[in-house]
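The values are calculated or read from the model by the stated rules, or taken from the named source; none is laboratory data. Computed from a predicted model, the values in this text were never measured in an experiment. A quick note on method: Cβ atoms are made from the backbone with ideal geometry, for glycine too, and the neighbour counts reach across all protein chains shown.
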(Lines give C-alpha, C1' and ligand atoms only; values in the text may rest on other atoms or scores of the structure.)
Protein backbone atom coordinates (compact mmCIF):
# COMPACT_ATOMS: atom_id res chain seq x y z
CA UNK A 1 0.00 0.00 0.00
CA UNK A 2 1.24 3.53 -0.65
CA UNK A 3 0.53 6.89 0.94
CA UNK A 4 -1.61 8.27 -1.91
CA UNK A 5 -4.76 9.68 -0.38
CA UNK A 6 -3.51 9.20 3.17
CA UNK A 7 -3.69 12.07 5.68
CA UNK A 8 0.04 11.74 6.40
CA UNK A 9 3.03 9.60 5.49
CA UNK A 10 2.93 6.07 6.90
CA UNK A 11 -0.77 6.23 7.81
CA UNK A 12 -1.38 2.95 6.00
CA UNK A 13 0.58 1.23 8.81
CA UNK A 14 -1.17 3.00 11.72
CA UNK A 15 -3.58 1.09 13.93
CA UNK A 16 -6.46 3.52 13.33
CA UNK A 17 -6.22 2.93 9.57
CA UNK A 18 -5.78 -0.83 9.96
CA UNK A 19 -8.80 -0.98 12.26
CA UNK A 20 -10.94 1.01 9.83
CA UNK A 21 -9.94 -1.38 7.04
CA UNK A 22 -11.12 -4.41 9.05
CA UNK A 23 -7.62 -5.66 9.83
CA UNK A 24 -8.63 -6.79 13.33
CA UNK A 25 -11.33 -9.07 11.94
CA UNK A 26 -9.24 -10.52 9.14
CA UNK A 27 -5.80 -10.66 10.83
CA UNK A 28 -6.37 -10.86 14.58
CA UNK A 29 -3.16 -12.79 15.33
CA UNK A 30 -1.04 -10.24 13.43
CA UNK A 31 -2.88 -7.37 15.14
CA UNK A 32 -2.12 -8.87 18.55
CA UNK A 33 1.61 -8.74 17.74
CA UNK A 34 1.28 -4.99 17.08
CA UNK A 35 -0.40 -4.26 20.42
CA UNK A 36 0.75 -6.88 22.97
CA UNK A 37 2.82 -5.25 25.72
CA UNK A 38 2.28 -1.83 24.13
CA UNK A 39 4.81 0.89 24.86
CA UNK A 40 3.12 3.84 23.10
CA UNK A 41 -0.34 5.37 23.17
CA UNK A 42 -1.78 7.47 20.35
CA UNK A 43 -2.80 10.92 21.55
CA UNK A 44 -5.30 11.10 18.66
CA UNK A 45 -7.27 7.86 19.01
CA UNK A 46 -6.09 6.24 22.27
CA UNK A 47 -4.89 3.01 20.70
CA UNK A 48 -1.78 1.37 22.16
CA UNK A 49 1.06 -0.20 20.15
CA UNK A 50 4.46 -1.78 20.70
CA UNK A 51 6.12 0.55 18.18
CA UNK A 52 5.51 4.25 17.71
CA UNK A 53 5.52 3.82 13.92
CA UNK A 54 2.09 2.17 14.21
CA UNK A 55 0.40 5.27 15.69
CA UNK A 56 -0.43 8.71 14.28
CA UNK A 57 0.53 10.76 17.35
CA UNK A 58 2.52 8.41 19.60
CA UNK A 59 3.56 9.16 23.15
CA UNK A 60 5.62 6.80 25.31
CA UNK A 61 3.65 5.19 28.12
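Does residue 8 fit the bill of being at pLDDT below 90 and either surrounded by 14 or more Cβ atoms within 10 Å (Cβ to Cβ) or in a strand (DSSP E or B) (or both)?
No: the conditions fail for residue 8.
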Problem set entry | Extreme residue, nearest to residue 59 (Cα to Cα), among residues of segment 28-48 that are outside any strand (DSSP E or B), in contact (Cβ under 8 Å) with a residue 12 or more places away in the chain and out of contact with any helix residue (DSSP H, G or I) (no Cβ under 9 Å at 6 or more places or on another chain) | 43
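Test of understanding: among 38, 46, 22, which residue is in contact with a strand residue (DSSP E or B) (Cβ under 9 Å, 6 or more places away or on another chain) and modelled with pLDDT of 90 or more? Can you show your working first?
Values: 46 fails: in contact with a strand residue (DSSP E or B) (Cβ under 9 Å, 6 or more places away or on another chain); 22 fails: in contact with a strand residue (DSSP E or B) (Cβ under 9 Å, 6 or more places away or on another chain).
Being in contact with a strand residue (DSSP E or B) (Cβ under 9 Å, 6 or more places away or on another chain) and modelled with pLDDT of 90 or more holds for just one of 38, 46, 22, which is 38.
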Exercise. Condition test on residue 13, is it farther than 15 Å from residue 59 by Cβ, out of contact with any strand residue (DSSP E or B) (no Cβ under 6 Å at 6 or more places or on another chain) and in contact (Cβ under 8 Å) with a residue 24 or more places away in the chain?
Worked result: yes
